[in-house]
Amino acid sequence: MRSGVPAHWLLIALPATVLLAFFVLPNALLLSASFLKSEAQQLTAEPTLDNYRFLFTRPLYLEVFLRTFAVGIAVGLIDIVLGFPLAYFLVRSRSRFKGLLIALSLAPLLASVVVRTYGWYIILNRFGFANDVLLNLGVIGERIPFMPSTGAIIIGLAHALLPYAVLTIMGSLNGVNPNLESAAMSLGANRTRTFFHVVMPLCLPGIAGGFILVFSIAISAYATPAILGGPATQVAATAIYNFIIQLLDWSLGAALAVILIVCSLLLLYAAARLGARRAAL
Amino acid sequence: MNGDHTTDNELSRRAFLQRASAAAVLGLGVRDVWGQRTDDLVVNSFGGEYQELFEKAVIQPFEKKFGVKVIHDTTGTSSQDYAKIRASKGAPGFDVAAALSPPEVILGAKEGLLEKITEAEVPNIKFTWDKARKALPPVAVMHTLQFDSLLYNKDKLDKPVSWADYWQPDKRYGAKVKGHVINYNPANLLSVYALIHAAELGGGGASNMEPAWALLKSQKPWVGVVVTTSAEAAPHFESGEVWISPYWSARAGYYISRGIPYGMVVPKEGVIANIDSASVPIGAKNKKLAYEFINFMLEPATQRAWCQAYFCSPGRGDITDWPKAFVESQIVTTQQFESVKLPDLDAIGVNRKDWTLRWQEVMG
């Protein structure tokens, strides 16, 4: 007679415990801190909604959230547009160097994001490579401060996160039978029509997955926005860091983090639903 | 049987040595990966140029004298270090917080996360500046002093004489200075002090910062670089991008000594002093050694070596044999220290968050 806990419960017990201990519990503490008052940088036991009221009534923080989500959407779209052709080429290529090409396209993941971001810092700063080239070509008359700016953050993150989009789309493209393309073309569809009416719809779950993955990492990214945006071009992660670490105001930092998590979950849920529906069509 | 004349169940000498070596390497590896031994003293301070100088002038002589190993944790600014102390409820993994600034020390005393330090633990505390002892809660020991000076590029600008030359650079230097002014986030105490100077220029002060915000708005179009930490500003001096900046006197002195074409001035309105202090978190593992380390930082020989290496003023006033050049640029006598303006630490502690938010609204 079999008795005791079902095997699938045992399988998920360990990851569930880890998630509970290192994700749910800290987030529960964060949530509770967001409803407590801070006085002179000290957390008190007095419950309050002031932290949320403060954040929702200051234009600065509305801007921070708008910038965060604009960065996430822009980076997601750029990486899908750049990643799809690359993934398509890597999947369909019959070159004997295919393995090497895949490794090369994913190589940026091997370097620290800080190192990659400083590469952009060297290129984009007022006395950097981009300004030197544009000045020498006579395109600009005086140096342009490309950074700190939201644009610089988008460029840096789009570069850093491109491999995630490529990997996800490649997974989806690998599942598309190439014979379907041949069949479509044998029935009279040209390459463009085959691509948009056969390949793309079948890859939608991968595209949606790639977008969601890149978007999620981009809206919570800290290092790249901190380096390319500086203290005056804040996104949610740098603002949270500023509250908790620099200003030692845990209540406002926690409230900002809770808003970010809730907004992200809602957007991700909407994107996942949309992706699933389009894929089912 | 095999060639070594052992059965399958027996261990050959070669196999034994291989396994023993692997175990030893693994053991050493684990220890190295794990890093710290329980008897090591962990001292937290700053990285960058500070690290090398501090290790040479303070840490290495301490290790030699006491025969112990010091692990130098160079991560974080003062507020980041205190954030670690707070998040760990006083057990941040370091035994000495050697670079806390007064706002963090005051908060640490209020939150009960720093040990009280008296003459019993640190005998040299009695030699520290009397005025500094009164300004700090008894959980920190002042070891050095800096002030907020004005740093300027001698190749590009005439010598500034007033804080107004920084806050209204266009009035003094004209259009050429556009994009070559730096501004700091008030998460850095340097920015707070500079804003207080701005408020004072307009007739205000720490209790009325409105003139500072007006000056910040008028300065913004001329600002080319915005950073948080003082270390982040250094590459902009080296590249020649920034021509005028408030800067800690010690770091300014250090960079000038390295040959960058910059000069440091004390503006006519005066400067505000920053007390560098050391504390022991309540959960520190090696408290006895931590107190010894703080005491050692105040020894005359250590003070001489460290202050001359880092261009900062000493934490005690009874050392008299300073070189002439050092005396001319630093605060070494009680009379000099009495004339130093210490900041209104309570006002800074209470208002710093609001000032930072206001700064962000202007600069964002």
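The values are calculated or read from the model by the stated rules, or taken from the named source; none is laboratory data. Keep in mind it's a predicted model, so treat the numbers as computed, not measured. No Cβ is skipped: glycine too gets one built from the backbone with ideal geometry, and neighbour counts run over all protein chains shown.
Things worth noting here:
- Lone qualifier among A:PRO178, A:PRO225 - being surrounded by 23 or more Cβ atoms within 10 Å (Cβ to Cβ), farther than 15 Å from A:GLY76 by Cβ and not hydrophobic (A, V, I, L, M, F, W, C): A:PRO225
- Pair list, Cβ under 8 Å, 6 or more apart: region B:229-240 residue farther than 22 Å from B:TYR193 by Cβ, other residue assigned to a loop (DSSP other than H, G, I, E, B) and aliphatic (A, V, I, L, M): B:GLU238/B:ILE260
- All conditions in (1) among the hydrophobic types (A, V, I, L, M, F, W, C); (2) surrounded by 19 or more Cβ atoms within 10 Å (Cβ to Cβ); (3) more than 14 Å from every other protein chain (Cβ to nearest Cβ) hold for B:ILE282, with the sole exception of (2).
- Count - residues of region B:276-319 that are hydrophobic (A, V, I, L, M, F, W, C) and part of a strand (DSSP E or B): 1
- Contact map, region A:209-234: residues that are part of a helix (DSSP H, G or I) paired with residues that are of a type in the set (D, E, K, R), Cβ distance under 6 Å, separation 6+ or inter-chain. Pairs shown: A:VAL214/A:ASP79.
This table checks each residue for (1) in contact with a His (Cβ under 8 Å, 6 or more places away or on another chain); (2) modelled with pLDDT of 95 or more; (3) among the basic types (Lys, Arg); (4) more than 30 Å from A:VAL199 (Cβ to Cβ).
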{"residue": "A:VAL139", "(1), (2), (3), (4)": "no, no, no, yes"}
{"residue": "A:ILE144", "(1), (2), (3), (4)": "no, no, no, yes"}
{"residue": "A:ILE154", "(1), (2), (3), (4)": "no, yes, no, no"}
{"residue": "A:HIS159", "(1), (2), (3), (4)": "no, no, no, no"}
{"residue": "A:LEU167", "(1), (2), (3), (4)": "no, no, no, no"}
{"residue": "A:MET170", "(1), (2), (3), (4)": "no, no, no, no"}
{"residue": "A:LEU173", "(1), (2), (3), (4)": "no, no, no, no"}
{"residue": "A:PRO178", "(1), (2), (3), (4)": "no, no, no, no"}
{"residue": "A:GLU181", "(1), (2), (3), (4)": "no, no, no, no"}
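- In the set (1) in contact with a strand residue (DSSP E or B) (Cβ under 8 Å, 6 or more places away or on another chain); (2) within 14 Å of chain A (Cβ to nearest Cβ); (3) assigned to a helix (DSSP H, G or I), the condition left unmet by B:GLU63 is number (2).
- Residues satisfying the stated conditions in region B:338-353, i.e. under 20 Å from A:ILE240 (Cα atoms), among the basic types (Lys, Arg) and either surrounded by fewer than 17 Cβ atoms within 10 Å (Cβ to Cβ) or in contact (Cβ under 8 Å) with a residue 40 or more places away in the chain (or both): B:ARG352
- There is at least one residue in region B:56-78 that is at pLDDT 85 or above, surrounded by fewer than 17 Cβ atoms within 10 Å (Cβ to Cβ), farther than 25 Å from B:GLU115 by Cβ and under 18 Å from the mean Cα position of the chain (by Cα).
Here's the yes/no breakdown for (1) touching a residue at least 12 places away in the same chain (Cβ under 8 Å); (2) within 30 Å of B:ASP346 (Cβ to Cβ):
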{"residue": "A:LEU19", "(1), (2)": "no, no"}
{"residue": "A:LEU25", "(1), (2)": "no, no"}
{"residue": "A:ALA28", "(1), (2)": "no, no"}
{"residue": "A:LEU55", "(1), (2)": "yes, yes"}
{"residue": "A:VAL75", "(1), (2)": "yes, no"}
{"residue": "A:LEU90", "(1), (2)": "yes, no"}
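- Conditions (1) crowded, with 24+ Cβ neighbours inside 10 Å; (2) facing another protein chain (nearest Cβ under 7 Å): number failed by A:GLY230: (1)
- B:TYR173 being outside the structural domain of B:PHE326 (by TED's automatic domain parsing), crowded, with 23+ Cβ neighbours inside 10 Å and over 19 Å from B:GLU361 (Cα atoms): no
- The criterion of being surrounded by 16 or more Cβ atoms within 10 Å (Cβ to Cβ), assigned by TED's automatic domain parsing to the domain that holds B:GLY202 and within 20 Å of B:HIS143 (Cα to Cα) does not hold for B:ALA290.
- Lone qualifier among A:ARG96, A:ARG67, A:ARG53, A:ARG58 - being among the charged types (D, E, K, R) and farther than 26 Å from A:ALA237 by Cα: A:ARG96
- For the criterion of being within 16 Å of the chain's Cα centre (by Cα), away from every other protein chain (no Cβ under 14 Å) and either under 26 Å from A:PHE243 (Cβ atoms) or buried (at least 18 other Cβ atoms within 10 Å of the Cβ) (or both), A:ALA70 passes.
- Of the residues screened, A:LEU256 is one that is closer than 25 Å to A:ALA28 by Cα and within 14 Å of chain B (Cβ to nearest Cβ).
- Subset of region B:76-135 [of a type in the set (Val, Ile, Thr), in a helix (DSSP H, G or I), within 11 Å of chain A (Cβ to nearest Cβ) and under 29 Å from B:VAL332 (Cα atoms)]: B:ILE106
- Just so you know, in region A:233-245 the residues that are facing chain B (nearest Cβ under 8 Å) and over 23 Å from A:PRO47 (Cα atoms) include one that is nearest to the chain's Cα centre (by Cα), and it is A:GLN234.
- Qualifying position, being free of Cβ contacts under 8 Å to residues at least 24 places away in the same chain and hydrophobic (A, V, I, L, M, F, W, C), among B:ALA325, B:ALA290: B:ALA325
- Here the helices (runs of 4 or more DSSP H) wholly within region B:154-268 that include at least 1 residues being within 12 Å of chain A (Cβ to nearest Cβ) and closer than 29 Å to B:PRO102 by Cβ are B:189-201, B:210-219, B:230-238.
- Every condition in (1) at pLDDT 85 or above; (2) under 21 Å from the mean Cα position of the chain (by Cα); (3) surrounded by fewer than 13 Cβ atoms within 10 Å (Cβ to Cβ); (4) away from chain B (no Cβ under 14 Å) is met by A:ALA107 except one, and the failing one is (1).
Conditions tested, residue by residue: (1) surrounded by 15 or more Cβ atoms within 10 Å (Cβ to Cβ); (2) more than 30 Å from A:SER149 (Cβ to Cβ); (3) within 14 Å of chain A (Cβ to nearest Cβ); (4) modelled with pLDDT of 95 or more.
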residue	(1), (2), (3), (4)
B:MET297	yes, yes, no, yes
B:ARG304	yes, yes, no, yes
B:PRO314	yes, yes, no, yes
B:THR320	no, yes, no, no
B:PHE326	yes, yes, no, no
B:ILE331	yes, yes, no, no
B:TRP355	yes, no, yes, no
B:GLN360	yes, no, yes, no
B:GLY364	yes, no, yes, no
